[in-house]
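Colleague: Let me begin by handing over the structure; questions about it come next.
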Amino acid sequence: LLRAALDECEGFEVETAGDSLFAVFSSPRLAAKWALAARQAIESHSWPAPLPPLRVRFGLHVGEPFVSRDARTGTPTFRGPATNRAARVMGAA
């Protein structure tokens, strides 16, 4: 559900850890749009019963990371103060 919303909002999945998803967007507007679309997808999904309500949290941070390419895979990497702060926001959520 989160990845489908990510595609709709032109986001890029950076990494996952446990039950978290770290993604980047070209604008804060698209990031907020994704958070709303993902929440709506989760709320409207037909989950198997009996399942208690899911508690989902989103953390958004605006900043410009240092972008480079992984020498081995060619995939973009995102580093620097902006991504460090985003990780702290994710951890707080």
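Colleague: Treating the angle as unsigned and between 0 and 90°, give the value, to the nearest 10°, between the Cα long axis of helix 28-44 and the longest Cα principal axis of the chain.
Modeller: Taking the Cα atoms of the chain, the angle to 28-44 is about 30 degrees.
Colleague: Excluding ligands, DNA and RNA, what is the solvent-accessible area per residue of the chain at a probe of 1.4 Å, expressed in Å²?
Modeller: Roughly 75 Å² per residue, with all protein chains present.
Colleague: Then there is this: Please report the carbon-and-sulfur percent of the accessible area for the chain; probe 1.4 Å, protein heavy atoms only, DNA, RNA and ligands left out.
Modeller: Summing carbon and sulfur atoms, their accessible area is 53 percent of the total for the chain.
Colleague: For the chain, take N as its residue count and report Rg(C-alpha) divided by 2.2 N^0.38 Å.
Modeller: Normalised Cα radius of gyration, the chain: 1.17.
Colleague: Separate question: Quick one: helix 81-92 against the long Cα principal axis of the chain, what's the angle to the nearest 10°, folded into 0 to 90?
Modeller: In the chain, helix 81-92 runs at an angle near 20 degrees to the longest axis.
Colleague: Any idea how far apart LEU51 and ALA4 come out in nm if each label point goes 7 Å out from Cα toward Cβ?
Modeller: My value for the distance between the label points is 1.2 nm.
The values are calculated or read from the model by the stated rules, or taken from the named source; none is laboratory data. Note that the structure is a prediction, hence the values are computed from the model and not measured. We place every Cβ from the backbone using ideal geometry, glycine too, and count neighbours over all the protein chains shown. Accessible surface is based on the protein model in full, side chains and every heavy atom, while ligands, DNA and RNA are left aside. Shrake-Rupley method; radii C 1.70, N 1.55, O 1.52, S 1.80 Å.
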